[in-house]
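Asks: Submitted below is the structure of interest, expressed as structure tokens.
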Amino acid sequence: MNDLTIPEVDLPATQDKRAFTNTKRVGLSVLLVLFAGAGIRILLNVHDASALQDYTAKTLERTVLITKAKPGDLQRTLALPTSLRGNTESVIYARTAGYLSAWHKGIGDQVKKGELLATIDAPEQVQELAQARAQREQIAARTELAEQTLVRWEALQARQSAISQQDLAEKRSLVRQGKADLAAADANVKRLEQLEGFRRITAPFTGIITRRSVEVGDLIASGGKELFAITQTDLLRLTIWVPQAYADQLKIGAQVSVNLSEQQGAKLKANIERIAGGIDPTTRARQVDLILQNPGNKLLPGAYAEVSIQLTSGINTLVAPAAVLIINDQTQRVAIVEKDNHVRFQIIKLGRDLGRDVEILDGISAEDTLVVSPSDQLVDGEQVKTLAWQAAPVEGTNSPKKNVADDKGGQKKSDENKKSDENKKNDDKNGNDKKS
């Protein structure tokens with residue numbers, strides 16, 4: 001047999017080379033995968049950071065209510081509260097002491113001047129008057145005797161000179177003393193007669209009895225207890241206090257409107273009768289008295305009324321809600337939203353206080369957008385979102401009522417939305433972890 005020569009093959013070296021190549025390929029693949037994952041992770045982080053920044057910016061952006069100032073009315077109606085009073089009102093007291101024997105008029109009765117209202121019984125006054133009259137007669141008798149004696153003594157002196165001048169002077173003095181005592185007694189009698197007349201309580205003027213405070217048998221002291229109150233109702237008097245801002249716009253004789261809640265639609269007119277010559281330093285208001293005709297006595301004294309006065313202003317102003325004001329250190333400012341939704345603070349000059357609104361004399365224009373109830377954290381230059389402001393309805397108007405069931409449903413829905421947002425955030429977090 002021929003010997004066959006078999007070539008030598010280096011199998012381990014070839015296998016090692018292939019293994020190295022494969023390992024190198026796997027390593028490169030792993031590196032590529034790692035680099036790709038790192039790139040994807042960086043992109044995701046950048047995306048999440050940008051999304052978080054946008055969300056934070058949207059969340060922190062403040063929403064403010066806005067409104068605009070309106071031109072003020074040159075003619076304004078000033079409404080002031082008041083009460084109706086009688087043109088003349090009086091409280092009647094007794095000038096003499098005693099017991100009330102009878103009252104002849106009660107509340108609601110119309111009386112005329114001098115008409116009898118009540119009678120007081122005072123027996124001791126009757127006796128005092130009788131005693132005073134008797135004493136007067138005694139003094140009159142003594143005076144008459146003194147005059148007759150003086151006449152006789154003067155006649156004796158004319159016939160005989162034996163009567164001394166001293167005795168004659170004494171007789172003349174007794175006559176003068178008697179006349180003086182008689183005059184005093186007459187005055188005392190008249191005083192007691194007037195007190196006797198005070199037992200009859202009469203009306204001081206024509207009017208209506210608005211209050212009676214006594215009953216038969218009550219003990220009455222002189223000037224002590226109130227007996228009656230009487231009011232003249234054909235004319236009514238009203239007193240109003242006009243604020244200092246309008247005090248110089250009133251004139252005597254000017255006509256104003258009077259409104260009563262129980263007489264809606266009634267056109268009542270009163271005239272200005274008197275105006276105080278100065279302003280009360282306590283209230284910073286000026287007193288004004290009005291006179292209101294009351295034919296038929298239909299209006300009752302003591303009723304609440306509202307006086308409407310038409311005033312005209314010669315200053316062009318802007319009127320804005322009082323809620324737009326920012327008052328710090330006695331400086332009045334407002335927050336204005338510019339066209340780019342950035343806030344700017346502006347110092348203004350205020351005019352009259354109109355209650356819910358205020359007059360602004362200088363600092364803004366009608367085109368400026370004002371922030372209503374600005375927050376203390378609002379800063380100059382801050383970017384905000386705007387929402388139109390609606391004034392609250394005036395008291396007494398019908399406003400929609402809240403539905404408790406709807407509130408509960410809305411609260412439940414809000415809770416569900418919160419839970420859904422939390423679950424979504426957790427899912428996004430888990431997904432990002434898986435990608436990593």
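Asks: Given Cα positions, please report Rg to Rh for segment 123-198, the hydrodynamic radius being the Kirkwood one.
Replies: 1.22
Asks: Relative contact order (percent) for segment 123-198, with alpha-carbon contacts under 8 angstrom and 6 or more residues of separation?
Replies: On the way: 48 pairs, mean separation 39.8, N = 76.
Reported as a whole number, the value is 52 percent.
Asks: Could you compute the FRET efficiency for ARG356 and LYS269, with r as their C-beta to C-beta distance and R0 at 25 Å, rounded to 0.05?
Replies: Details: r = 28 Å, r/R0 = 1.12.
The pair ARG356/LYS269 has a calculated efficiency of 0.35.
Asks: Follow-up. In percent, how large is the relative contact order of segment 330-397, given Cα pairs closer than 8 Å and 6 or more residues apart?
Replies: 32 percent
Asks: Please give me, ordered by residue number, the trypsin sites (Lys or Arg not before Pro) of segment 85-162 that lie in loop per DSSP and have at most 12 other Cβ atoms within 10 Å.
Replies: Those satisfying the criteria are LYS112, LYS113.
Asks: For LEU387 and LYS24, calculate 0.36 nm times their separation in residues minus their Cα-Cα distance, and state this gained length in nm to one decimal.
Replies: This chain segment gains 124.2 nm when fully extended.
Asks: Sticking with this structure for a sec: Can you tell me which of 304-311, 272-279 comes out highest on packing, and rank the rest after it, using the mean Cβ neighbours within 10 Å?
Replies: 304-311, 272-279
Asks: Please report the base-10 log of the normalised intensity I(q)/I(0) for segment 260-300, using a Debye sum with one equal scatterer per alpha carbon and no solvent, at each q in 0.14, 0.20, 0.27, 0.35 (1/Å).
Replies: The Cα Debye sum returns log10 ratios of -0.50, -0.76, -0.94, -1.20.
Asks: Moving on. Could you rank the peptides 63-69, 163-169 by their average count of other C-beta atoms within 10 Å per residue, with the highest value first?
Replies: Highest to lowest by the protection proxy: 63-69, 163-169.
Asks: Subtracting the Cα-Cα distance from 0.36 nm times the residue separation, let me have the gained length for LEU65 to ASP234 in nm, one decimal. Display every interim value, and only then the final one.
Replies: Numbers: separation 169, 0.36 × 169 = 60.84 nm, distance 5.41 nm.
That pair, LEU65 and ASP234, stretches by 55.4 nm at full extension.
None of the figures in this text is laboratory data; all of them are computed from the coordinates on show. None of these values were measured; they are calculated from a predicted model. Please note: Cβ atoms are built from the backbone with ideal geometry, for glycine as well, and neighbour counts cover all protein chains shown.
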